[in-house]
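In what follows, a single structure is set out as structure tokens and then discussed.
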Amino acid sequence: MVKLTNEMKEGLVVPGKGGSLIYLATSSLDGKPNIAAMRYIDTYKDDKLLVADMFLLKTKANLKENPECTITICHPMDSGRDWSFKGKAVDIEYGFPPDFDWHGAKAKDILEGWGDWHNKEPPDEVPPDVVYPKAAQRGIVVLHVEEIYSIEKGKVGEKIQ
Amino acid sequence: MTVKLTERMKAWIKIGCHLNVATKTGIPLVTVSRNVKSVSDDEAVFALSQDEYSVIGAALAENPWVAFGVSRAGGIRACFQFKGKGSIDKEGDIYNLKVKISEFYCTKPGCYAGTRLDTKPAQECEEWEHGLWTDLPK
């Protein structure tokens, strides 16, 4: 059973709060991979990662048919945050039954806590030529982490937990 | 369809990339390539060390699809996702992963997110990108 460390929890917040940009990787059920960088990241309890469903397209479609998911630190990579988190994810969208439960994460709690992420943690640090003109959050991807691996140079793929 | 990356895309890819490979049943596996051997108009070659290769080797043998994005500041400055089929050529201790790029997409947050770019004429794609960004990796 995975338990996120305090160091991981501190590194898995939005970059504007000293956290990290992450890559969210999924796949269609027949094996076509997809990977996209994300800013809105947080942790929940000791074994969940949360990512805003802000402009997801293929990622959303993939998760609808295949929950397998990996989240990896994208930036900064020289901070000792050499982590890759694997598990199963769901996109908890607005309208999910409040008592929907994903491995201990209730939809009501997730949507109340992170359902308006733009106002909770506005993208003040994002460069003006990259930031979106209008927030369009539709849900929160919840990754139930089952395994953690290293992406440290020379140790890529080594199991941490 | 002929794929032609822009010069700016090539420059960013060279700083290193996060590579996502999947098993044929859809389990995504991510490795990091810190050494990019070459990038041409439609092909990138990643020089993987043994540990970097070990994450994706078995999956790649059964399913050649590779999706990748630029590492480090490229995650925000190079808002693109590239996809293609990969093959491995071992050279001493190095595993050269050659990805023949067949699709690439914009991942900029907002109205362009998910836009397929390789379907645009090359010059139009370059002008479109130039209208948004001109910066190169430092």
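Every number in this text was worked out from the coordinates using simple rules, so none of it is lab data. Nothing here was measured: the structure is a model prediction, and the numbers come from that model. Here Cβ is always computed from backbone atoms with ideal geometry, including for glycine, and neighbour counts include all displayed protein chains.
For every helix of n ≥ 4 consecutive DSSP H residues, a contribution of -39,500 (n - 2.57) applies; sum these over chain B, divide by its total residues, and give [θ] at 222 nm rounded to the nearest 500 deg cm²/dmol.
Numbers: 4 runs with 35 residues, N = 138.
So the calculated ellipticity at 222 nm is -7000 deg cm²/dmol.
Report relative contact order for the range B:7-129 in percent, whole number only (criteria: Cα-Cα under 8 Å, sequence separation at least 6).
The normalised contact order for the range B:7-129 reaches 22 percent.
Does anyone have the angle between helix B:50-62 and the longest principal axis of chain B? Alpha-carbon axes, 0 to 90°, nearest 10?
90
Given a Förster radius of 35 Å and the C-beta distance between A:Lys17 and A:Phe100 as r, what FRET efficiency does 1/(1 + (r/R0)^6) yield to the nearest 0.05?
Here the calculated transfer efficiency is 0.80.
Any chance you could get the radius of gyration and Dmax over the Cα atoms of the range A:72-161, in Å?
My reading of the Cα-based Rg and Dmax gives 16.2, 45 Å.
Within the set A:Lys3/B:Lys100; A:Lys3/B:Lys108; A:Lys64/A:Lys153; A:Lys60/A:Lys106; A:Lys153/B:Lys83, which residue pairs have Cα atoms separated by over 29 Å? Mind dumping the intermediate values first?
Working: A:Lys3/B:Lys100 39 Å; A:Lys3/B:Lys108 32 Å; A:Lys64/A:Lys153 33 Å; A:Lys60/A:Lys106 19 Å; A:Lys153/B:Lys83 24 Å.
Where the Cα-Cα span goes over 29 Å, the pairs concerned are A:Lys3/B:Lys100; A:Lys3/B:Lys108; A:Lys64/A:Lys153.
Under 10 Å, Cα contacts only: if you run a Gaussian network model on chain B, which one of B:Thr107, B:Thr115, B:Thr31 comes out with the highest mean-square fluctuation?
B:Thr115
For the residue pair B:Ala58 and B:Thr115, what label-to-label distance in nm results when each label sits 7 Å from Cα along the Cα-to-beta-carbon direction?
Each label point is offset 7 Å from its Cα along the Cβ direction, giving 4.1 nm.
Once the principal axes of the Cα atoms of the range B:15-72 are found, what is the range along each, listed largest first in whole angstroms?
On the principal axes, the range B:15-72 reaches 30, 24, 19 Å in Cα extent.
Evaluate the charge dipole of chain A about its Cα centre and quote only its size in Debye, nearest 20, assuming +1 on the Cβ of each Lys and Arg and -1 on the Cβ of each Asp and Glu. Could the numbers behind the result be given before it?
Working: 21 positive and 26 negative charges, 43 e Å.
That gives chain A a dipole magnitude of about 200 debye.
Given 10 °C and 1.306 mPa s, how large is the Stokes-Einstein diffusion coefficient of the range B:63-127 in µm²/s, with Rh as the Kirkwood radius over Cα pairs? Kindly include the intermediate steps, with their values, before the conclusion.
Values: Rh = 13.3 Å.
Once the numbers are plugged in, D ends up at 120 µm²/s.
Enumerate by residue number the chymotrypsin sites (Phe, Trp or Tyr not before Pro) in the range B:66-124 meeting two conditions: DSSP loop (anything except H, G, I, E, B), and at most 15 other Cβ atoms within 10 Å of the site's Cβ.
Numbers: sites: B:Phe68, B:Phe80, B:Phe82, B:Tyr95, B:Phe104, B:Tyr105, B:Tyr112; in loops: B:Tyr112.
Here no chymotrypsin sites (Phe, Trp or Tyr not before Pro) fit, given the DSSP loop and packing criteria.
Where does the Debye-calculated log10 I(q)/I(0) of the protein assembly as shown sit at q = 0.07 Å⁻¹, using only Cα point scatterers of equal weight, no solvent?
After summing over all Cα pairs, the log10 values are -0.24.
Have a look at A:Leu63, A:Asn119, A:Phe85 and report the one farthest towards the positive end of the charge dipole of chain A, computed about the Cα centre with Cβ charges (Lys/Arg +1, Asp/Glu -1).
Of A:Leu63, A:Asn119, A:Phe85, it is A:Leu63.
Dividing the Cα convex hull volume of the range B:92-138 by residue count, how many Å³ per residue is that?
Convex hull volume per residue, Cα atoms: 147 Å³.
Summing -39500 (n - 2.57) over the DSSP H runs of n ≥ 4 in chain A and dividing by its residue number, what mean residue ellipticity at 222 nm do you reach, to the nearest 500 deg cm²/dmol? Can you show the working numbers first?
On the way: 4 runs with 26 residues, N = 161.
Calculated from helices alone, the mean residue ellipticity at 222 nm is -4000 deg cm²/dmol.
What does chain A give for Rg and for Dmax, in Å, if only its C-alpha atoms count?
14.9, 45
What do you get for the angle between helix B:122-132 and the principal long axis of chain B? Use alpha-carbon atoms, 0 to 90 degrees, nearest ten.
The helix B:122-132 is inclined about 70 degrees to chain B.
Given R₀ = 25 Å, what would the calculated FRET efficiency be for B:Thr2 paired with A:Ala136, taking r from the Cβ atoms and rounding to 0.05? It would help to have the intermediate numbers written out before the result.
Details: r = 33 Å, r/R0 = 1.32.
With R0 = 25 Å, the Cβ-Cβ based efficiency is 0.15.
What is the dipole size for the range B:7-129, taken about its Cα centre, with +1 at each Lys and Arg Cβ and -1 at each Asp and Glu Cβ, in debye to the nearest 20? Don't skip to the end; give the middle numbers.
Numbers: 16 positive and 16 negative charges, 57 e Å.
Using Cβ point charges on Lys, Arg, Asp and Glu, the range B:7-129 gives about 280 debye.
So how many Å³ per residue does the convex hull of the Cα atoms of the range A:32-87 work out to? Walk me through the numbers on the way to the answer.
Numbers: hull volume 5.5 nm³, N = 56.
It comes to 99 Å³ per residue, whole-number rounded.
Please compute the contact order of chain A in relative form: average sequence separation of alpha-carbon pairs under 8 Å and at least six residues apart, divided by the residue count, as a percent.
On the way: 318 pairs, mean separation 40.4, N = 161.
Computed over chain A, the figure is 25 percent.
Quick check: convex hull of the Cα atoms in chain B, volume per residue, rounded to a whole Å³?
Dividing the Cα hull volume of chain B by its residue count gives 107 Å³.
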